[in-house]
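The values are calculated or read from the model by the stated rules, or taken from the named source; none is laboratory data. This is a predicted model, so every value here is computed, not measured. When we count neighbours, we look across all protein chains shown, and the Cβ atoms used for this are built from the backbone with ideal geometry, even at glycine. Calculation scope for accessible area: heavy atoms of the full protein, side chains included, ligands and nucleic acids excluded. Shrake-Rupley method; radii C 1.70, N 1.55, O 1.52, S 1.80 Å.
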Amino acid sequence: MDKPIELINMEPGNYHKNISLEGFIGDSKSSSLNSKQETTSWGKTSPSKSYCSSSSTSTENVVSTLERRKITKANTEAILNSRADEIPLFPGEKISEQARDVTYVCPYNGPSRGVLTVTNYKLYFRSTDKDLNTIIDVPLGVVSRIEKVGGLSSRGENAYGIEVFCKDMRNLRFAHKQENHSRRDMFERLQQFAFPLSNKLKLFAFEYSEMFPENGWAVYEPIAELKRMGINNDMWKITKINDNYEICDSYPAVLAVPAQVTDEEIKNVANFRSRGRVPVLSWIHSESQATITRCSQPLVGVSGKKCRDDEKFISLIIDANAQSDKMFILDARPSANAMANKPKGGGYESEDAYKNAELVFLDIHNIHVMRESLRKLKELCFPTIEETKWLSGLESTYWLKHIKCILAGAVRIVDKVENHKTSVLVHCSDGWDRTAQLTALAMLMLDPYYRTIKGFEVLIEKEWLSFGHKFQQRVGHGDNHHSDADRSPVFLQFIDCVWQITQQYPNAFEFNEYFLITILDNLYSCRFGTFLYNSERERVEQRVKETTVSLWSYTNSQLELYLNPLYWANPHQQEVLIPIASLRNIRLWKAYYCRWNPSMRIQDPVYQRIRELLRLKEQFQKQVEECRKEQQLRLTKANSSSP
């Protein structure tokens, strides 16, 4: 094997994107990737820069073509000897279009000629160049928009083709030869399967039929989770008043509300809260009984409307906490935005109407501001990074400032609940974006259960999926409206905040960052049914659990990939985490945002080291257990021999 095969893969579940298969056969080693030319525009090249990337990683992290299979020398040779038009397919995946003599224009390595294939799930490119065999494997759910580049009069090499803009921080360019007449058919097939809903087709998740030993749909059971927290009790009850989603179509069927509230009062409160999203329990402190509840804004309007049942509802939440006679209402919005909602019929709680409640605004901006911030960050990270202006450019995106504000808001919730033993009510406008960020992060900091792999899956199912975060609209699954004003990186920001906490508390989480990246990749992929649609009601109507595979089936069937070797699972571990929400401590998550840029990629085979650390940890745990048994045996002998 003289030439390494370079795998540049966007398939969810594969972290390192430039991998030499040489590293999987022998011992782990590193090598540099030297670009002979850097393409700056279609058909033009500039002098090269030298980049270094990891050439090996653990065998479990190889591309989708070898997913969950151990690579052997025979596997490697099979890949190298396979034809360029042969591609790996998932169960339910079919080839739709194939074009030969297509050039992938890499901004780092320059052009590479090969075969481009489109299936009902992915875009797959395999180069035929002898010097560097490049593979690109892109789930079409990742695609945001597709554009034709160049016309019939275009001149110059690689000036005529297709550009694919992706949701995960990078773009791809493919040049076609005009005389081959392949661009039109390829463009039409890409449009058809990247945006199936816009073309009256099913999402791939409904075609995908791979079987896993774990059933991810069984991870979250709402009543079992409420019972884990001690509900029902004297002050809180489980209700199925929303069983048919009539009270609130974006809430789950199972809710926890104050024990003394009546069904009629719940209906009246639903009429007074935006979208019918009444205050309901998210989390309760096992000792103090202080709670985190969530809802949407009250419909007070300009005239300052009131609702006695809503005021009573809030007072019952306050009374349910015997440790404090006060409540904090944390409104995620800037105060100016909350006031601007009054003419539209919304607004915020008056402290005069809600006795013993203090209103605090957290100054987290809306979805439109966040979308623009991510757009600027993408421009900064891909394809080129301006070294001399990196820090000022990063600051101008405001991305880290937004992450800091979200984290700071969650820390305030934790402080009120843990240190002041006071209950907290959280809302934004409709209670499904910033509210979910804040409640989920606060619960993660307060409860060690959510810091395990399965506990984190439960947290996402509960606070995001069941409580109606609009994944369909925020991500744009399967539709071609890339400029839709409803799209926004709300869930991405939450995962980023989780990563920030893991950096400050590296021993507190059972999962590693690869787990977080796998979740984000599959947020877009449409391979699994987990993140499809906007609410629990819609997923029930579309029979998602019966007809698609859960992402957690995939992750829980290979847990060893996602374990953090530094995790300290000890009953005496720090129960509550309070990270420092300061720009001095907030960092850009380069392993996610910059992973397509070789100059920013992690330099050493980190996942190989993680595997080794996990093996060492297991050995030491066995030694400790053996020593304990030996010590116990000696004590038993000593006691039996004593008079």
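The mean accessible area for residues of region 411-529, using a 1.4 Å probe and ignoring ligands and nucleic acids, is 19 Å² per residue. In units of the rule-of-thumb radius 2.2 N^0.38 Å, region 218-332 shows an alpha carbon radius of gyration of 1.05.
Our estimate of slack between Gln558 and Glu612, defined as 0.36 nm per intervening residue step minus the Cα-Cα distance, is 17.8 nm. You can think of it this way: the chain between Asn215 and Arg587 has 130.4 nm of extra reach, that is 0.36 nm per residue less the Cα-Cα gap. Between Tyr449 and Arg100, the modelled labels are 6.0 nm apart [label points 7 Å from Cα along Cα→Cβ]. Evaluated over the Cα positions of region 434-535, the convex hull gives a direction-averaged projected area, one quarter of its surface, of 6.2 nm². Across region 492-643, the mean sequence separation of Cα contacts (distance under 8 Å, 6 or more residues apart), normalised by length, yields a relative contact order of 27 percent. For region 205-321, a crude dipole built from +1 on the beta carbon of Lys and Arg and -1 on the beta carbon of Asp and Glu, taken about the Cα centre, is about 540 debye to the nearest 20. Computed over region 410-456, the P(r) curve from all C-alpha pair distances, binned at 10 Å from the origin, holds 28, 49, 23, 0 percent per bin. A 1.4 Å probe run over the protein chains yields, for region 336-376, 53 Å² of accessible area per residue, whole-number rounding. Only the Cβ atoms of Lys and Arg (+1) and of Asp and Glu (-1) were treated as charged; on that basis the dipole of region 89-232 about its Cα centre amounts to roughly 360 debye. Viscosity 0.692 mPa s, temperature 37 °C: give me the Stokes-Einstein translational D for region 253-311 in µm²/s, with Rh taken as the Kirkwood radius over C-alpha pairs. D, rounded to a whole number, is 263 µm²/s. Our analysis of region 488-643 gives Rg over Rh at 1.12, with the two radii drawn from alpha carbon positions and Rh computed by the Kirkwood formula.
Placing +1 on each Lys and Arg Cβ and -1 on each Asp and Glu Cβ, with no other charges, gives region 353-399 a dipole about its Cα centre of roughly 200 debye.
In plain terms, if you count all Cα to Cα distances in region 372-423 and split them into 10 Å steps from zero, the share in each step is 23, 34, 19, 17, 7 percent. Taking packing as the residue-averaged number of other Cβ atoms within 10 angstrom, the listed peptides 392-401, 125-134 run from highest to lowest as 125-134, 392-401. Once the gyration tensor of the Cα atoms in region 308-422 is diagonalised, the equivalent ellipsoid follows with semi-axes of 38, 18, 9 Å, ordered largest first.
Equivalent ellipsoid of region 304-359: semi-axes from √(5λ) of the C-alpha gyration tensor, largest first, are 23, 13, 8 Å. Protection proxy ranking for 243-251, 432-440, using the average of other Cβ atoms within 10 Å per residue and placing the highest first: 432-440, 243-251.
For His420 and Gln621, a Förster radius of 45 Å and the Cβ-Cβ distance give a FRET efficiency of 0.70, rounded to the nearest 0.05. The fraction of Cα-Cα pairs per 10 angstrom bin, counted from 0 for region 525-569, comes to 24, 39, 22, 14, 1 percent, rounded to whole percents. Summing charges over neighbours of Thr439, with a neighbour being any other residue whose Cβ is under 9 Å away from its Cβ, gives 0 when K and R count +1 and D and E count -1. Could you tell me which of rounded, prolate or oblate describes region 144-198, using a ≥ b ≥ c as the square roots of the eigenvalues of the alpha-carbon gyration tensor, with rounded for a/c under 1.5 and, failing that, prolate when a/b is larger than b/c and oblate otherwise? Oblate, because a/c is 1.5 or more while a/b does not exceed b/c. Placing unit charges on each Cβ (+1 for Lys and Arg, -1 for Asp and Glu) gives region 167-266 a dipole about its Cα centre, and among Cys248, Trp217, Thr262 the Cα reaching farthest toward its positive end belongs to Trp217.
Ranking Ser423, Thr388, Ala357 by how far each Cα lies toward the positive end of the dipole of region 343-430 (charges on Cβ) leaves Thr388 at the top. Annotation: extensible slack from Asp484 through Glu379 equals 35.9 nm (criterion: 0.36 nm per residue apart, minus Cα-Cα distance).
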